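S.K.: The structure's right below; bear with me while I get my questions together.
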């Protein structure tokens, strides 16, 4: 008996992934399409419908009792719409209604992708057992989500935890979001690479100018590469400390490609965090790497869907 | 019948106020002592006991069913202790236990003073009816508290909402808290006055160099005074936008002496807020003055105490 299966969708600018997930977070069936990100909205929706159609072909589909969607943002969970920055054909697109119709009226829970990854880390990863946590993804962008009082805190529109776009440098460089000095503007992978290049870092013979290449150089002791990661760490520390000071978290979990840099990022981050997290109630704050992998978006969407089932407790306890 | 009276204590560095408050937030009895802030901890506690003793002399005391304490911070609600910065005799002082003993075992709810003011504004003031709100006090310091999902969010230790000590200028001036570029370091009354004086503002013939005097000068068009309030407004805007981006609030309520400057503060604040609150889900954010007055601390402590009574709903709905 699979009394508590849910369907999960992870919608990004590159791919649309789907799965059937059980109450223990196991993925029992999968489907995937490339995101036709530059096409019109109905074409993108058709890819979603195909993913759901593949899942509906599974003999387990009849046990699916709700659908969880983690989508690139911004989303509006209160309206059931999504407007992913990298999918211009979807603006206030009524994804929840469309998915509900396709699935014959199943309850649908929509959250942002940062919130989904947080749900996954709280359910199965490094935030497990923590009632107050910030989970982040640091890669091309910087996203995140919050667990407060033992429960996921998506906020009214499903966007809470957007730490990448809080300003930690109010006179700083303009950010594409329109603000200045955002955490993402300083700490994302492309900005780590840009800053290293601007300061004179020279890429290796393979010409790789990614943040991963800067991390390799930093590990080898290149001072400009080290400094660029230290600056990213400083911005992350200020943002994490701000979050802890505002809502009292005791752990910050960081995943994503930039987090794969390991000690090059985490060592200066932990050191700098003590400079910004100064009040008594935030001094025990720890920072750890994420544990969930590439399925985090699906697992987190499933966790959100499970919270819609009255007799199941996942991601909130 | 007063079936749901509570006792409230508002503990600050200057005075210790107490009241009996009914379920509608009416103050039915009052008591007060000066805080012997520079004395030893037991002397300070004696003043609290005297306030409670005065309240116990009221014929209504028998109806008091719980005690709410709003205290200058930091507090530790999980441990029941307080360590007010301006009361050095109290460090991890077990205030909850002591008050419980004095009151014959009444349940005691402890929150920080910023959280207390938030509870008051949510119950009776400008945040009424808002499920997601930030309430702030901008005066000698900058404090605050949060309402999330319709409920007060004190956090595990009762300190959540400490917006005064989030850094909005990661390379900025050192703050007495140990961090840099905190909202308080830029926007508090003393810092507004300091900055105006440093930039060449000359006080009037009365020699008043307070932020209130700078506000008078700003209203009269003094450009240095205007600029100092604009800088404070910028820091407040960055901090409020960060809070909204992290937890999704739709209103920020500002009280305290600096807020009394009125348009001199609120006009640049509202203008600058649009520069920092850029994401779709924070663009409807409004900023308004607080409505509760000098009794806000008592009313908020009462609201917290009422939440301990199973059959009463105040400040959380």
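S.K.: Checking the structure you have, find out if any residue of the range B:47-56 is in contact (Cβ under 8 Å) with a residue 60 or more places away in the chain and over 14 Å from residue B:154 (Cβ atoms). It would help to see each step written out before you state the result.
M.R.: Going residue by residue through the range B:47-56, those that are in contact (Cβ under 8 Å) with a residue 60 or more places away in the chain are none.
Within the range B:47-56, none of the residues are in contact (Cβ under 8 Å) with a residue 60 or more places away in the chain and over 14 Å from residue B:154 (Cβ atoms).
S.K.: Consider residue B:277 against the criteria (1) more than 11 Å from every other protein chain (Cβ to nearest Cβ); (2) more than 30 Å from residue B:67 (Cα to Cα); (3) at pLDDT 95 or above: it satisfies all of them except one. Which criterion is unmet?
M.R.: Unmet condition: (1).
S.K.: Residue check, residue A:32 against (1) buried (at least 17 other Cβ atoms within 10 Å of the Cβ); (2) closer than 20 Å to residue A:292 by Cα, all met but one. Which one?
M.R.: (1)
S.K.: Pick from A:224, A:247: which is assigned by TED's automatic domain parsing to the domain that holds residue A:165, modelled with pLDDT of 95 or more and over 30 Å from residue B:240 (Cβ atoms)? Write out each step before concluding.
M.R.: Numbers: A:247 fails: over 30 Å from residue B:240 (Cβ atoms).
Matching residue, one of A:224, A:247: A:224.
S.K.: Could you check the range B:210-301 for helices (runs of 4 or more DSSP H) lying wholly inside it with 2 or more residues that are in contact with a strand residue (DSSP E or B) (Cβ under 8 Å, 6 or more places away or on another chain) and surrounded by 20 or more Cβ atoms within 10 Å (Cβ to Cβ)? Even if it seems obvious, please write down each step before you answer.
M.R.: Values: elements: B:211-219, B:223-247, B:263-276.
Counting at least 2 such residues, we get B:223-247, B:263-276.
S.K.: When residues of the range B:3-26 are filtered for being part of a strand (DSSP E or B) and crowded, with 19+ Cβ neighbours inside 10 Å, how many remain? Write out each step before concluding.
M.R.: First, pick out the residues of the range B:3-26 that are part of a strand (DSSP E or B): B:5-11, B:15-21.
Still in the list and also crowded, with 19+ Cβ neighbours inside 10 Å: B:5-11, B:16-21.
The total comes to 13.
S.K.: Considering only the range A:42-53, how many residues are surrounded by fewer than 16 Cβ atoms within 10 Å (Cβ to Cβ) and in contact with a strand residue (DSSP E or B) (Cβ under 7 Å, 6 or more places away or on another chain)?
M.R.: So the count comes out to 1.
S.K.: Now for a separate question. Give B:240, B:254 a once-over and let me know the one that is touching a residue at least 40 places away in the same chain (Cβ under 8 Å) and either within 14 Å of chain A (Cβ to nearest Cβ) or over 20 Å from residue B:148 (Cβ atoms) (or both). Write out each step before concluding.
M.R.: Numbers: B:254 fails: either within 14 Å of chain A (Cβ to nearest Cβ) or over 20 Å from residue B:148 (Cβ atoms) (or both).
Going through B:240, B:254 in turn, the sole match is B:240.
S.K.: What's the number of the only condition in (1) out of contact with any helix residue (DSSP H, G or I) (no Cβ under 9 Å at 6 or more places or on another chain); (2) surrounded by 23 or more Cβ atoms within 10 Å (Cβ to Cβ) that residue A:205 fails to meet?
M.R.: All conditions are met except number (2).
S.K.: What is the number of the single condition among (1) more than 30 Å from residue B:50 (Cα to Cα); (2) more than 10 Å from chain A (Cβ to nearest Cβ); (3) not in a strand (DSSP E or B) that residue B:116 does not meet?
M.R.: Tallying (1) more than 30 Å from residue B:50 (Cα to Cα); (2) more than 10 Å from chain A (Cβ to nearest Cβ); (3) not in a strand (DSSP E or B), residue B:116 fails exactly one: (1).
S.K.: Related question: Quick check, is residue B:140 surrounded by 18 or more Cβ atoms within 10 Å (Cβ to Cβ) and either in a helix (DSSP H, G or I) or in contact (Cβ under 8 Å) with a residue 40 or more places away in the chain (or both)? Break it down stepwise before answering.
M.R.: Details: surrounded by 18 or more Cβ atoms within 10 Å (Cβ to Cβ): no; either in a helix (DSSP H, G or I) or in contact (Cβ under 8 Å) with a residue 40 or more places away in the chain (or both): yes.
Taking the combined requirement at face value, the residue does not satisfy it.
S.K.: If you don't mind, another one. May I ask you to list the residues in the range B:145-188 that are crowded, with 24+ Cβ neighbours inside 10 Å, part of a loop (DSSP other than H, G, I, E, B) and more than 9 Å from chain A (Cβ to nearest Cβ)?
M.R.: The answer is B:188, and nothing else.
Table: residues versus (1) in a helix (DSSP H, G or I); (2) modelled with pLDDT of 95 or more.
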| site | (1), (2) |
| --- | --- |
| B:37 | no, no |
| B:44 | yes, yes |
| B:48 | yes, yes |
| B:53 | yes, yes |
| B:58 | no, yes |
| B:68 | no, yes |
| B:73 | no, no |
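The values are calculated or read from the model by the stated rules, or taken from the named source; none is laboratory data. On a predicted model such as this, the values are computed, not experimentally measured, just so you know. No Cβ is skipped: glycine too gets one built from the backbone with ideal geometry, and neighbour counts run over all protein chains shown.
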